[in-house]
Each structure stands twice: as C-alpha cells, then as structure tokens.
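Here the structure comes first, spelled out in structure tokens, and everything after it is commentary.
Nothing in this text is a laboratory measurement; each read-out follows from the coordinates by a stated rule. Source: prediction; values computed, not measured. Please note: Cβ atoms are built from the backbone with ideal geometry, for glycine as well, and neighbour counts cover all protein chains shown.
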Amino acid sequence: MAIGADLQPGTLLAAYRSGLFPMKVQGHLAWFSPDPRAVLPLDGLRVTRSLRQSARRYRITVDRAFDAITEACGSPDRPHGWIDDEFRSAYGRLHQLGWAHSIECWDQAEQLVGGLYGVSIGRFFAGESMFHTARDASKVALLHLVERLAPLNGALLDVQWTTEHLASLGATEIPAAQYRSRLSAACERPGPDWSRSSPPAPDQGQ
C-alpha cells in the first residue's frame, strides 16, 4: 500500500487501526493490507490430542520475556527473516507502553522454547511472529492466546496472510471490507486483562 514513514508508536497504532502492518522489503519499510485478509477464528483453532498433551508439558507466561521473544523471532538463522533491530526496538517501545504483548512457553528446565508476540488494541490482536525450539511450543502459545481472546465477544485475531502452517491450525480468509468492519468494532471494545496469569471467564456481551 505504501513505502516509507517510520515505526514510532503513534504511526504503528494508527496503521494497525487502519488495517495496515509494516514489513521490510529489500531494506525499505513497506506497509501492507492484504485482500483477502487471513484471520484465525477463535472457535476454529484445530486442537489435536497431541497438542493438548504438549500443553501439559510446558509452562506459559505473559509479558515476562518480550525482548527474548522478538529476538528469537528475528533470528538470522530463520528463513526469510525480516525482523531486524529497528523492528525489535519499535515493538519493544509498544510493549513498554502496553500495546504489544508476548506469550512465552517454558520447558521443565525453565528454558524458553517457544512463544509469540503481537499488537493488541481493545479486542483486536495482530499476531506478528512466533517461534519454537521444542515440539508444539509455538502452537501451545497460540492456544493460550486463543483461550485468552475467545471469551471476549467480537474479538479478532489477525494473522495477516494464510500459510500452509496457519491453514493447518484453522486460519481462514475474509474480504478486506469485512476485515476492516470487524477491526473497527474490535478496537473500540475493552480488551483482555494482560496482567492476568490465566484467560478470563466469558463476558456478558460487553
């Protein structure tokens, strides 16, 4: 949609509210708004028996290791990596301001083995990236995110583009116009309490 601008908090938040997200393309800051848009229905996550078993093996935390998560997601060893220090710093500022959050997955030795991060505005969550170094660890983090958002009526989990991996988890595509309508409504409603260690109970149509 555009090239340029900056990654200041106000710019990022205005972009996400408008349906845009940034990526680096050949060293340039670019802004995207795919049509159709990939979302993960909160009642459509495919949870296998093995994933449930994996969930019992790991400990989940929220916002305990944001910088470590973005560092792992931006590892130069990952194929097609584009999350550089500029992006890590920008989203770190959003995290400090309460607009970006991470979900961490720890093994029994208290090693960080997976997780994800993204931007949260009201009941809208834009998943930015996830990683794992142990089986199903990123999926377990995603399961926790879905369980945190699902009780909130009108919550929207954006995953940007459909990949084979995301499609296997239940991601689907919706027209951009429908996405923008849902985005606007979700951003205006009170979001989850990220300070809670566990997902909330279902709301009553707030």
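Before moving on, here are some points about what is shown:
- Relative contact order of the chain, pairs being alpha-carbon contacts under 8 Å that are 6 or more residues apart, as %: 26 percent
- Likely footprinting exposure, ARG189, ARG196, fewest C-beta neighbours within 10 Å first: ARG196, ARG189
- Sorted into 10 angstrom bins from 0, the C-alpha pair distances of the range 1-115 split as 11, 33, 38, 16, 2 percent.
- Kirkwood Rh and Cα Rg combined as Rg/Rh, the range 105-206: 0.98
- Sites matching GluC sites (Glu not before Pro) across the range 69-128 that sit in DSSP coil, with at most 15 neighbouring C-beta atoms within 10 Å: GLU110
- Calculated FRET efficiency, ALA30 to SER195, Cβ-Cβ distance, R0 = 35 Å: about 0.55 to the nearest 0.05.
- Sequence-separation-based contact order of the range 118-189, relative, with Cα cut under 8 Å and 6+ spacing, percent: 43 percent
- Under 14 Å, Cβ to Cβ, from LEU20 - net charge with Lys/Arg +1 and Asp/Glu -1: -1
- In Å, descending, principal axis extents of the Cα set of the chain: 44, 43, 33
- Sorted on the mean count of surrounding Cβ atoms within 10 Å across their residues, most packed first, peptides 18-31, 90-103 read 90-103, 18-31.
- Cα-based shape type of the range 65-160, given that a ≥ b ≥ c are square roots of the gyration tensor eigenvalues and the cut on a/c is 1.5: oblate
- Three-way shape label, the range 1-67, alpha-carbon gyration tensor, a/c 1.5: prolate
- Counting only DSSP H runs of at least 4 residues, each contributing -39500 (n - 2.57), and dividing by the residue count of the chain, the helix-based mean residue ellipticity at 222 nm comes to -10000 deg cm²/dmol.
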